[in-house]
1. What residue, among those in the stretch 22-31 that are open to solvent by less than 90 Å² (accessible area, probe 1.4 Å) and aliphatic (A, V, I, L, M), is farthest from Arg80 (Cα to Cα)?
2. Determine whether the stretch 33-44 contains at least one residue that is among the acidic types (Asp, Glu), within 19 Å of the chain's Cα centre (by Cα) and either surrounded by 10 or more Cβ atoms within 10 Å (Cβ to Cβ) or farther than 17 Å from Arg77 by Cβ (or both).
3. Report the residue count in the stretch 89-108 for those that are assigned to a loop (DSSP other than H, G, I, E, B) and within 11 Å of Cys57 (Cβ to Cβ).
4. Give the residues of the stretch 59-90 that are β-branched (Val, Ile, Thr) and touching a residue at least 12 places away in the same chain (Cβ under 8 Å), sorted by residue number.
5. Modelled with pLDDT under 90, in a helix (DSSP H, G or I), out of contact with any helix residue (DSSP H, G or I) (no Cβ under 6 Å at 6 or more places or on another chain) and over 30 Å from Asp28 (Cβ atoms): does that describe Ala131?
6. In the set Ala50, Ala33, Ala65, Ala40, which member is among the small types (Gly, Ala, Ser), under 24 Å from Val103 (Cα atoms) and in contact with a strand residue (DSSP E or B) (Cβ under 7 Å, 6 or more places away or on another chain)?
7. List the pairs whose first member sits in the stretch 42-54 and is small (Gly, Ala, Ser), whose second member is open to solvent by 60 Å² or more (accessible area, probe 1.4 Å) and part of a helix (DSSP H, G or I), and whose Cβ atoms are under 7 Å apart, counting only residues at least 6 apart or on separate chains?
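The values are calculated or read from the model by the stated rules, or taken from the named source; none is laboratory data. Please read these numbers as outputs of a predicted model, since none were measured by experiment. For neighbour counting, all protein chains shown are included, and Cβ atoms are generated from backbone atoms with ideal geometry for every residue, glycine included. We work out accessible area using only protein heavy atoms, side chains counted, and drop any ligands, DNA or RNA first. Shrake-Rupley method; radii C 1.70, N 1.55, O 1.52, S 1.80 Å.
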Amino acid sequence: MGLEDCSVRIVDRDRVAVVSASMPADGDVAELADVFALLADPGRLRLLVAMLEGEMCVCDLAAVARASESAVSHHLRLLRAHRVVHVRRTGRMAYYRLADAHVRMLLDVALTHIDHAPAAAHPEREPAPEADR
């Protein structure tokens, strides 16, 4: 029996009913999964972390993310489509920022979590050198 298994198979019907009643709708769960999938890309995360410092244009974001402007534009289109970032246009320039305080809070909490939690074991990856942390 693994650590994740129940040693006794008894369902707490009252608890299950309370939790089930508070679960988001299936469509909301699917949309949330899409947002987390977007955040699972290191390139997009670099862009979002850069925008924690404020609004930035595509060329500055590309320089910070060490990516081509074309790749950054593609990432930004996806992030805009999922309401994670907003764009402000001034003439031919486009400036991107985090969509709202919720996105900022999500990033802040995730960054705080990795700073305070022990390093996660990733058997598919080599451990990160201490200098990269």
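1. Looking at residues that are open to solvent by less than 90 Å² (accessible area, probe 1.4 Å) and aliphatic (A, V, I, L, M), I get Ala25.
2. Narrowing the stretch 33-44 to residues among the acidic types (Asp, Glu): 34, 41.
This time we only want the ones that are within 19 Å of the chain's Cα centre (by Cα), so: 34, 41.
From what is left, the residues that are either surrounded by 10 or more Cβ atoms within 10 Å (Cβ to Cβ) or farther than 17 Å from Arg77 by Cβ (or both) are 34, 41.
Yes: one or more hits.
3. Of the residues in the stretch 89-108, 1 are assigned to a loop (DSSP other than H, G, I, E, B) and within 11 Å of Cys57 (Cβ to Cβ).
4. Val64, Val72, Val84, Val85
5. In short, yes.
6. Answer to the selection: Ala50.
7. Ala50/Val64
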